[in-house]
Structure formats: structure tokens, C-alpha cells
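Before any comments, here is the structure.
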Amino acid sequence: MNTKFVVEMLRKKTHHFLTISILIMVISLTMLNFTVSYISNQYQMINKDFMNNNNVKVIHVTGKGNGEATTQISLQDVNEINTLLKDKELDDKAKAYPVYTLPTVYRDSMATAYSMIGISEELAPLVSEGCTLKDGRICVGDVKDGQITLNVPIIEEKDGGFSSTETVDLEMTAEKGATNENAIFIHSIPKNNQAYVNEKEAKKLTKIMYEKSQNSSEYIQESQLSNLVVYVKDIKNVDTVGKVLKDNHYFTSYTFNSFENFSINISTNQMILIILCGFLVITSIVTAILLMINFLRIQKKEIAILKLIGYKSKMIVTIYTRLLTILFRNIFLYTLVIYLFNYFLKLIPVSLPFLGIIVLLDFMILLITLAYVYFFGIKKICRMDTIELLKKGKEFE
């Protein structure tokens, strides 16, 4: 028995219901592809701009209210904030860090000036992906990785001011990647050459700079404190941590400061996009299954005829499985061509980077549909008796 010939005959003698079903499936998958491309783009943008953006996870603490008075931030506040976070069971979700601003240092015999900032090594990712801020390293933005020599000024206090007439050379390993705009500072200074070191190196530089000062090291360190930053690990906890700080009279500044429950809303929107995408996929699968099952029910007469001329049930299962496989292959190619057509002609905005997701999704939907139809449609109907196949048709009457 020539099953291939029968498949070709069935394709040429296509029932109008199958033609309509193929058209519906192509339209359904095409609309799903466009929707998934849009949702994926929105999901990626939310991740990039919010969920994975360190800038929105940093809360800047600039001062504290004390009754009607306002006090500047101090190193003691670092411990107080971390204790406060621990009391509120938020210590595993957020942590406060001091930010120090040191006097300017130079490179290449005073040719290049660096505005020095000292921060915790744990905050290195906020500066740049290329910075580690390990001991002996300095993160800069104007030179390649390698050894550099810093000219550290020896500061003298004269007539109520500061001056420097001598420097000390200090070798450090440079890490390229520092920028003027990052999560450490609220405002950037244009054309300012910022450099970053960890707290240990900041103390080392400070000790060299103020070796002639009569002030205590504690006083100098306190005077170099610029502000505090509270880094929140998960965007969903930013509003909670911000409220705790505000309730304890700390002056805060962060991205979501002017929005109510913004971080929670972002997470909710992201979840809605995932649920919507899942709903559309399930709807497409159910639609395709119902269309194909109905097509097979219409094909009972043809299946009965095949049995009458000698085809076994197993061979008929093979025929219809091959038929639907060819049809699903064509549907897959049609939807892929339509997606690429829209991308190049820009009729409906779609994203080429998500083409892999679209291909995988369409293939999965058609494969699941084929598997379900095979087990609960083709095998079931093809194993029915000839009389049972014909009893609802005109031939039986």
C-alpha cells in the first residue's frame, strides 16, 4: 500500500474546513508571535530599566531631622541605620554604606587630576562592571588596565586653610571603567575625572595626605564623609526600606521617592506580562487541538473508505500523522515568513532578537498539538470499526 500517494491525494482533496482551520491557526500563531515579541520587549525593558538597574536600588541618605533642627549625616548613622534594618528584619535585604570624598590626587607628575572617592568593596558593581575595588586597586575611566603612579599631596594647614607643596608617589593597579554617572552620586559633575578606591585604600591615602595634620584620624575621616547610601538587593523592597528610613527622620533621595509603591507595581506588571503570555500560548494550543480534532471527525468517511479498500488501522494512523505533520510544517513556515516580512518592511513593529523565542514557541505549540491530536484523535478515530465510522454519514443511510 502506497501511504505517500494517499497523503498526497488527501492534501489535494482538502476539505474546506481544513483550509479554514489552517488559516485560523496561521492567524492565531501570527498574532501570538506579534504579542509575544511585544511582551518580551516590554519584559526586557523592565528588567533593564528597573529590575536589574542598580541605580534604582540605591537610597541616598543626606541628613537627619532632629525636631526642628537638621543634622548632617555622620559615621554613627551608618551603624544606626544597619541596626534599624536589623530590627525591622531587613538586614538581609539592605545595608548602609559610607561614601568618602578625598582631596584630589594627581597622575603623570601633576598632569591629570582625580577626584577620589572611597567606598566599600561591596559597592564595586555600582561603579562599573569592570571594577573590583580590591586592595591596591583604583578604578578610573581614562587609562587602560595596568600600573599607574599617583602623586598624593601632603596637605598642610596654614592660616585656617589648606595647602600642599610636596607629594608622595604611590603605585596602584588601575581598573578601567569608572564613569561620572553611576549609582554612588545623585548628581554627576561634567568633565570631572572621578576615581574610586575601597575604604582600606581610602584610609591609606588619607594617612599619607594628613600625616602632618594635628587633627585626629577620626575627625578627618568624619570630615571626608560625603553621604550614605543604602543598597537594596531586590527592587521589591526599595519602598519598604525607604519608608523605614523616612519614619526615622532620615532625609532620603531615590528613584521611586515620588511614587507610591512603585517597585511593587513594577513587579506586578512584570508578573502580569508573564501570565498574559502564558494565557495566549494555552489559548493557541487549545484552539489548534479543537480545530484538528474536528477535522478528523469530518474525515471519518475517508477513513472508512481506506479501511474498505484494504488499509489497516496502523497504516491509516501513519497516513494522517504524516498529513498533519506536513500541514503543521507549512503553518510553521507561513508564520515565520510573516514575522520576518513584518520585520523587514516594518508594517507591524517586531523584534528580530526575539526570533529564536518565537521559533521555539511556535514549534512547541505545534508539537504539543500534534502529540495530543495523535494520541486522542488520530489513534482513537482510526481504530474505530468501519460501521461506526459510517453510521453518522449519508453512505450508511
- Taking Rh as the Kirkwood radius computed over C-alpha pairs, what is the Stokes-Einstein D of the chain at 25 °C in a medium of viscosity 0.890 mPa s, expressed in µm² per second? 90 µm²/s
- Dividing the mean separation of Cα pairs under 8 Å (6+ apart) by the residue count of the chain yields a relative contact order in percent of 23 percent
- Could you give me the ³J(HN,Hα) list for the stretch 125-140, computed from phi with Karplus coefficients 6.51, -1.76, 1.60 and θ = phi - 60°, whole Hz, x at Gly and Pro? x, 6, 7, 5, 5, x, 9, 10, 6, 6, 4, x, 10, 9, 9, 10
- Message: Calculate log10 I(q)/I(0) of the stretch 103-223 for q = 0.11, 0.22 Å⁻¹, where I(q) comes from the Debye formula with a single equal point scatterer on each Cα and nothing for solvent.
- Response: -0.36, -1.34
- Want the number for residue 164 to residue 360: 0.36 nm per residue separation, take away the alpha-carbon distance, what's left? 64.0 nm
- Mind telling me which of 90, 273, 340 comes out most flexible in a GNM of the chain, alpha-carbon contacts under 10 Å? 340
- Could you pull out the pairs from 176/212; 57/203; 4/314; 64/203; 95/191 whose alpha carbons sit more than 21 Å apart here? 176/212; 57/203; 64/203; 95/191
- Item | Unpartnered cysteines - no second Cys beta carbon under 4.7 Å - across the chain | 277, 382
- Item | Percent RCO, i.e. relative contact order, over the stretch 103-223, from Cα pairs under 8 Å lying at least 6 residues apart | 33 percent
- What are the semi-axes of the equivalent ellipsoid of the stretch 60-137, taken as the square roots of 5 times the eigenvalues of the Cα gyration tensor, listed largest first and rounded to whole Å? 30, 19, 8
- Note on the structure: Comparing 269, 215, 151 in a Gaussian network model of the chain (Cα, 10 Å), the one with the largest mean-square fluctuation is 215
- Query: About its Cα centre, what dipole magnitude does the chain give when the only charges are +1 on Lys and Arg Cβ and -1 on Asp and Glu Cβ, stated in debye to the nearest 20?
  - Reply: 4000 debye
- Message: With only alpha-carbon atoms in the gyration tensor, what are the semi-axes of the equivalent ellipsoid for the stretch 266-345, in Å, largest first?
- Response: 38, 18, 9
- Dipole magnitude of the stretch 103-223 about its Cα centre (Cβ charges: Lys, Arg +1; Asp, Glu -1), debye to nearest 20: 160 debye
- Query: Which ³J(HN,Hα) values, rounded to whole Hz and listed in residue order, are derived for the stretch 237-253 from phi using the Karplus coefficients 6.51, -1.76 and 1.60 in 6.51 cos²θ - 1.76 cosθ + 1.60 with θ = phi - 60°, glycine and proline given as x?
  - Reply: 9, 4, 4, 5, 5, x, 5, 4, 5, 5, 5, 9, 6, 8, 7, 10, 8
- Task: Using DSSP to define loop residues, name the GluC sites (Glu not before Pro) in the stretch 58-104 whose beta-carbon has at most 11 other beta-carbon atoms within 10 Å.
- Result: 68, 89
- Within the stretch 174-240, list the GluC sites (Glu not before Pro) lying in a DSSP loop whose Cβ has at most 16 other Cβ atoms in a 10 Å radius. 181, 211
- Per DSSP loop assignment and a cutoff of at most 16 other beta carbons within 10 Å, the chain keeps its longest run without exposed chymotrypsin sites (Phe, Trp or Tyr not before Pro) at 1-258
- Message: Among 147, 198, 132, whose Cα projects farthest towards the positive end of the dipole of the stretch 103-223, with charges put on the beta-carbon of Lys, Arg (+1) and Asp, Glu (-1)?
- Response: 147
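No value in this document is a laboratory result; all are computed from the given coordinates. These numbers come from a predicted model, not from an experiment. For neighbour counting, all protein chains shown are included, and Cβ atoms are generated from backbone atoms with ideal geometry for every residue, glycine included.
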